[in-house]
Amino acid sequence: MNSHRAFILAAATLSAALWAYACGDGATEPPPPDPPRPTTVTVSPAAAELTALGATVQLSAEVRDQNGQVMAAATVAWTTDNAPVATVDASGVVTSAGNGSATITATAGAASGSATVSVAQRASAVTVSPAADTLVAGDTLRLGAVAADANGHPVAGAEFSWASSDTSVAVVDDAGLVTGVGAGQAEITASTAGVTGRADLTIVAPAPTTVTVAPDTVTLTALGQTAQLYAEVRDQIGRVMEGIRVSWSSADTTVAVVDSAGLVTAAGVGETTIAAMSGDASGEAVVTVMQSVGSVVVSPAADTIAPSDTLRLEAEAFDANGHRVDGAQFDWSSSAVSVARVDGSGLVAAVAEGTTTITATAGDARGTAEITVENPDRAVLVALYNATDGPNWVNSGNWLTDVPLQNWYGVSTDATGRVVRVDLAGRWDSEARVYVPHGLSGPIPPEISSLANLQWLNLSHNQLTGPIPSELGNLANLTRLDIRYNQLTGAVLPKLSSLANLEYLGLSGNQLTGSIPTELGSLSNLTGLSLGSNELTGPIPIRKRQPRRS
């Protein structure tokens, strides 16, 4: 290049000298030539294609002057009309920045030239994510695929073709959605422009992972009461496993038992856990059995007692299924404390005649007993009245009424209302100087022996008939028995000797027959004995006095 330039300069100098010599001193000098100026700029290569972002290409510019001569030293400025696609530096190095086309221009003076640069990314690698995973059969997984050019920049808009290496294990749709089919391993590939990426997937069968028991707490208030529990089994991905086998068990079968269907039955008071197991997974519920009193039974449910007597009532509590509630506490009350009172243990104390309801309460349940306080002597006196023609007595004031027995004519009672004296004897008519019968006729009823507190019985001077009832020997508290001057028949019974407290025995004026019982001699308290005007035989028994101790 330098030798060529020197040759041109020498030729120009020689031509000028020859022209000056020929013209002589008087000729006009020609104008100097135009200085070189850039006239054309040629960029090479004129077109370039880049397939990766960040890729570069070196452009060069040849500048020629108006004479077509190359201007090697000309200053060239480089520019791009589309910097997002390609940039160019001062030395003409073009760098791709985005897909598209850009014109790169080289300018020298007023002249310029250009080259077209096309950027079109090509996939050099495909990455599938996740690259490996485990699925449960039936589960789905969305895979993603990214294509990258040679410089690792993502290729926008890349379209992929998806495939599974084993569709019996996993299938994949056109969008990269994988569905597990069966246990095994499968390779899922994504391909674009001849480049392929893959993900390695393992498909496992669903297995019980969690068991939830509902309800998780149960309270049973009666033995034999039941509650249905339900178990929900879920697999590794939280899906409900329908139809999966569940086994049930109770930690304490003395409290509650459970069958194969999860039905819990209360067996005893306490707390236990009911477990539901499926595979290696289990869940549980807490079951509490605490008997609540559903009913109370008081026994006896009804009774009759005499004033001042006591009666022990018993109360039992039962739950809703009729099972006894042990340890139940009762509150006792009486509806009429003027008739009978009851203490905290269920002991009823009769106060006066009447009827009261005794209630035992436990929680919201209650049981009752109907207690009648009735003087048993009342029924005995009624029997006496009916047996001895009571309507024709001379005086039967208040008999068969509800007034206290002490107000019945001829009856005296103690502080408890029990009969201690019955005096229905005929009365002496001082004017006629005879005894006037009180009007009693018929037999002496055996029921009279039930007057347990009776101390005095005077039925003398009447028209009583029949034998002396042997039951009179049961009147242990009797001190005076006066049945003189009636029409009694039969024998004097030896059983009368059992009246240990008897002080007077009046039997005269009847139609008694037979021998006088020797047993009467054992009546140690007897001070008066009247046997006359009968048809009795034998000696009168005399109690032998015990020798006095010195």
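Every number here is computed from the coordinates shown, using simple stated rules; none is lab data. Everything numeric in this text was worked out from a predicted model, so none of it was measured. Every residue, glycine as well, gets a Cβ built from its backbone with ideal geometry; the counts of neighbours run over all protein chains shown.
Shown here: region 295-373, whose C-alpha atoms stretch 38, 18, 16 Å along the first, second and third principal axes, sorted largest to smallest. Between residue 314 and 299, the built amide H atoms are under 5 Å apart, and every one of these is 5 or more places off in sequence or on another chain.
The length gained by stretching the chain between residue 434 and residue 129 to full extension, at 0.36 nm per residue less their Cα-Cα distance, is 96.0 nm.
Straightening the chain between residue 537 and residue 401 buys 44.5 nm, computed as 0.36 nm per residue apart minus the Cα-Cα spacing.
Applying 1/(1 + (r/R0)^6) with R0 = 56 Å to the Cβ-Cβ distance of residue 487 and residue 338, what FRET efficiency is obtained, to the nearest 0.05? With R0 = 56 Å, the Cβ-Cβ based efficiency is 0.80. Within the shell of other residues whose beta carbon sits under 14 angstrom from the beta carbon of residue 193, the net charge comes to -1, with Lys and Arg scored +1 and Asp and Glu -1. Placing pseudo-labels 7 Å out from each Cα toward the beta carbon at residue 465 and residue 280 gives an inter-label distance of 10.6 nm.
Computed from the coordinates I sent, percent of Cα pairs over 33 Å apart equals one of [x] 75; [y] 55; [z] 41. Tell me the label. Read-out taken from this structure: [x]. With a simple spin-label model that places each label point 7 Å from the Cα along the Cα-to-Cβ direction, the separation between residue 290 and residue 452 comes to 4.6 nm.
For region 38-119, a Kirkwood radius taken over Cα pairs fed into Stokes-Einstein (20 °C, viscosity 1.002 mPa s) yields D = 171 µm²/s. Each part reduced to its alpha carbon centroid, region 372-389 and region 98-148 end up 123 Å apart. On a C-alpha basis, how far is the centre of region 464-501 from the centre of region 192-250 in Å? Whole number, if you could? Going from one Cα centre to the other spans 92 Å. Length gained on full extension, residue 254 to residue 500, computed as 0.36 nm times the residue gap minus the Cα-Cα distance: 82.4 nm.
DSSP bridge analysis restricted to region 356-469 gives an antiparallel fraction near 70%, rounded to the nearest 5. Each residue of region 429-439 was assigned a 3J(HN,Hα) from its phi angle through the Karplus expression (A = 6.51, B = -1.76, C = 1.60, θ = phi - 60°), giving 8, 5, 6, 7, 6, 9, 7, 9, x, 7, x Hz with x at Gly and Pro.
Across region 221-238, computed HN-Hα scalar couplings (Karplus, 6.51 cos²θ - 1.76 cosθ + 1.60, θ = phi - 60°) run 10, 8, 5, x, 5, 10, 8, 8, 9, 10, 10, 10, 9, 10, 8, 4, 10, x Hz from first to last residue, x flagging Gly and Pro. The Stokes-Einstein estimate for region 217-257, based on a Kirkwood radius over Cα pairs and taken at 10 °C with 1.306 mPa s viscosity, is a diffusion coefficient of 124 µm²/s. Within the chain, the longest segment free of exposed loop sites, counting trypsin sites (Lys or Arg not before Pro) that fall outside DSSP classes H, G, I, E and B and have at most 10 other Cβ atoms within 10 Å, spans 1-432.
Computed over the chain, the per-residue total of -39500 (n - 2.57) for DSSP H runs of n ≥ 4 gives a 222 nm mean residue ellipticity of -2000 deg cm²/dmol, rounded to 500. First select every other residue whose beta carbon is under 10 angstrom from the beta carbon of residue 65; then total the charges, Lys and Arg +1, Asp and Glu -1. Net local charge, residue 65 excluded: +1. Rounding to the nearest 10 and keeping the result within 0 to 90°, find how far the Cα-based axis of helix 376-387 lies from the longest principal axis of the chain. Between the helix axis and the principal axis of the chain, the angle is about 40 degrees. Counted by Cβ distance under 11 Å from residue 138, the other residues give a net charge of -1, where Lys and Arg count +1 and Asp and Glu count -1.
Contact order, relative form, for the chain: 6 percent (alpha carbon pairs under 8 Å, 6 or more residues apart, mean separation divided by residue count).
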